[in-house]
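Here's the structure we're looking at; comments come further down.
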Amino acid sequence: MSEASFDYLNPEIAPGTRVFDVPLVRATRQSLKGFGEIVRDPKTHKVEIATWPPRGWRKLDAGTGNEGGTTEGTFACEWQGNQLIGRNEAVGGHYVIGFRDPPDLVGQGAAPTPGRVLLWHCNYHPDGGQFFWPLDGKPFVVPVAPPGDDVKPEDFVAFWSDGNHGIYIHPDVWHEGPFPVGPSGRFFDKQGKVHARISCDIAREFGVLLGVQLPNAV
């Protein structure tokens, strides 16, 4: 799938795309093992930088291939009608992160479904980790799946923070978000500066939208 096929502001969701609900789990040090870590202090929490892999048989020079460092900024999310819009100042990103209801069902007279995000896309960063710290101190959710390019909908789990801590994601771990529980949210985002991104269009590849619950949504 080419990069041009990903239109992050105008995703194509086929009519009749079904919803596949993913488990919601409270984020703790134990539950996050293999996916990431709890962030207690955004000023000191370390972001892993992965060493760039060589393509041939010659080895990297010692101390090279991991010098890109980190970048940081505000990741802001806001519901605009049926769409959850995200802006990541750290990397200049602007996205439709998800939906309340499948787009083909909007405008048929039914009230929007509260308490969930329908996720159409996910990605991972092979160059470094990433964390989200809630600047407003409010609950939020981050969906993740284990490393590996053969990811499937049933691999996903959604981790929930009550707003008293952030969530850090290891390199190579599939993720999206953060999803605010309320109408909007602002997060301090810190991640690898190279920002290598490998994406999966879940709606196209699997014919589903991932249903992510938002606990105590308002």
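Where a number appears in this text, it was derived from the coordinates with a stated rule and is not lab data. Note that this is a predicted model, so its numbers are computed, not measured. Positions of Cβ are backbone-derived with ideal geometry, glycine not excepted, and every protein chain shown enters the neighbour counts.
Which ³J(HN,Hα) values, rounded to whole Hz and listed in residue order, are derived for region 38-48 from phi using the Karplus coefficients 6.51, -1.76 and 1.60 in 6.51 cos²θ - 1.76 cosθ + 1.60 with θ = phi - 60°, glycine and proline given as x?
Coupling constants for region 38-48: 6, 9, 9, 9, x, 6, 10, 5, 7, 9, 5 Hz.
Please order THR70, THR28, THR64, THR17 by the number of other Cβ within 10 Å, starting at the fewest.
THR64, THR28, THR70, THR17
Could you derive backbone 3J(HN,Hα) for region 10-20 from the dihedral phi with the Karplus parameters 6.51, -1.76 and 1.60 (θ = phi - 60°), listing whole Hz in sequence and x where the residue is Gly or Pro?
Those phi angles translate into 9, x, 8, 10, 5, x, x, 4, 8, 9, 10 Hz.
Using modelled amide H (1.01 Å from N, peptide plane; none on Pro or chain starts), what sits under 5 Å from the amide H of GLY98, excluding residues fewer than 5 places away?
Sorted by chain and number, the residues that satisfy this are LEU84.
Can you tell me what share of the DSSP beta bridges in the chain is antiparallel? A percent to the nearest 5 is fine.
Of the beta bridges lying entirely in the chain, close to 90 percent run antiparallel.
For the chain, with a Gaussian network of springs between Cα atoms less than 10 Å apart, report the residue from PHE188, PHE20, PHE159 with the top mean-square fluctuation.
PHE20
Taking the chain as a Gaussian network, where each spring joins two C-alpha atoms under 10 Å apart, which residue of GLY128, GLY63, GLY182 fluctuates the most?
GLY63
HN-Hα J couplings of region 85-97 from phi, Karplus 6.51/-1.76/1.60, θ = phi - 60°, integer Hz, Gly and Pro as x?
So the J values, rounded to whole Hz, are 9, x, 10, 10, 5, 4, 10, x, x, 9, 9, 8, 7.
Using a 10 angstrom cutoff on alpha carbons, build the Gaussian network for the chain and name the most mobile of ASP61, ASP104, ASP149.
ASP61
Amide H to amide H, which residues 5 or more places from ASN66 or on other chains are under 5 Å from it, using H placed in the peptide plane?
TRP52
Can you give the longest run of the chain that contains no trypsin sites (Lys or Arg not before Pro) sitting in a DSSP loop with at most 13 other Cβ atoms inside 10 Å?
My reading of the result: 60-218 is the longest stretch.
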